[in-house]
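Q: I'd like to ask some things about the structure below.
The values are calculated or read from the model by the stated rules, or taken from the named source; none is laboratory data. What you are looking at is a predicted structure, and each value in this text was computed from that prediction instead of being measured. Note: ideal-geometry Cβ built from the backbone for every residue, glycine included; neighbour counts use all protein chains shown.
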Amino acid sequence: MRSSLFAIALLFGASSGRSSLDYVRYSDPARRYSIEHPSNWKRSDGLGLIDIRPPQRISGARITLERLPVGQDAPSTKEQFVERLLEPIGTVKSLKKRKHVMVGGRKALLLELIETERLRGEHGEWLPGPLEETFLIVDAGRDYYVLSLSGVGESVRQARPEFEKVASSFKLLP
């Protein structure tokens with residue numbers, strides 16, 4: 001496990017600093033997968049989705065893990081998901097990194113995006129930014145999983161070591 005954590009850290013260009021947080025193992029109710037996440041982060045479960053948010057000291061970042069496709073609006077393949085994700089490239093976002101990696105013994109695609117234009121909210125207010133997003137799209141046969149980190153500025157940099165740990169702990173269950 002240490003070597004896979006180190007390999008994931010190298011993929012992200014992270015420092016060799018290790019997190020000192022305690023982690024808990026989570027398995028989805030259908031027993032399809034398991035991950036480890038920081039014990040002091042708040043986890044919310046939804047239909048095919050878990051949302052993990054850090055404590056207030058690094059608020060503004062979030063990690064999500066989603067099993068797709070779920071629902072009629074979800075892209076039915078990982079290729080369609082990636083195509084939809086990359087649509088705003090060149091207009092309001094840029095692609096920082098695209099790389100094929102292994103996550104949990106499965107082929108995955110790593111994508112890092114960053115906003116290039118300031119965006120306004122629904123009431124015309126300027127949104128904080130730029131939004132930074134990292135996606136790991138993991139092949140799982142008919143399904144696929146999307147593990148993501150999103151946030152603004154320092155919150156993303158502070159949450160990245162935990163994201164790497166979550167990614168390195170991802171396992172599909174038999």
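Q: Which one of V138, V156 is surrounded by 18 or more Cβ atoms within 10 Å (Cβ to Cβ), modelled with pLDDT under 95 and of a type outside the set (S, T, N, Q)?
A: So the residue among V138, V156 that is surrounded by 18 or more Cβ atoms within 10 Å (Cβ to Cβ), modelled with pLDDT under 95 and of a type outside the set (S, T, N, Q) is V156.
Q: Residue by residue through segment 67-103, note down the ones that are among the charged types (D, E, K, R), surrounded by fewer than 16 Cβ atoms within 10 Å (Cβ to Cβ) and touching a strand residue (DSSP E or B) at 6+ places or on another chain (Cβ under 8 Å).
A: Correct list: K96, K97, R98, K99.
Q: OK, next. Name every residue in segment 27-52 that is of a type in the set (S, T, Y) and touching a Phe, Trp or Tyr at 6+ places or on another chain (Cβ under 9 Å), in order of residue number. Show your work before the answer.
A: At the first step, the residues of segment 27-52 found to be of a type in the set (S, T, Y) are 27, 33-34, 39, 44.
Matches in segment 27-52: S27, Y33, S34, S39.
Q: Consider only pairs whose beta carbons are under 6 Å apart and that are at least six residues apart or on different chains; among these, list those whose first residue lies in segment 87-104 and is closer than 14 Å to L136 by Cβ and whose second residue is part of a loop (DSSP other than H, G, I, E, B) and not polar (S, T, N, Q).
A: Pairs that qualify, where the first residue is closer than 14 Å to L136 by Cβ and the partner is part of a loop (DSSP other than H, G, I, E, B) and not polar (S, T, N, Q), are V103/F170; G104/F170.
Q: Of the residues that sit in segment 40-79 and are in contact with a Lys or Arg (Cβ under 7 Å, 6 or more places away or on another chain) and assigned to a strand (DSSP E or B), which one is nearest to G129 (Cα to Cα)?
A: If we filter segment 40-79 for residues that are in contact with a Lys or Arg (Cβ under 7 Å, 6 or more places away or on another chain), which is where we start, we get 41-42, 48, 50-53, 62, 67, 75.
Narrowing the set further to residues that are assigned to a strand (DSSP E or B) leaves 42, 50-53, 62, 67.
Numbers: K42: 23, I50: 24, D51: 21, I52: 20, R53: 18, R62: 15, R67: 27 Å.
Top of the filtered list is R62.
Q: Which residue pairs have Cβ atoms closer than 9 Å, lie 6 or more positions apart in sequence or on different chains, and pair a first residue in segment 58-77 that is farther than 22 Å from R31 by Cα with a second residue that is of a type in the set (S, T, N, Q) and part of a strand (DSSP E or B)?
A: Partner pairs satisfying both residue conditions: A61/S150; R62/S148; R62/S150.
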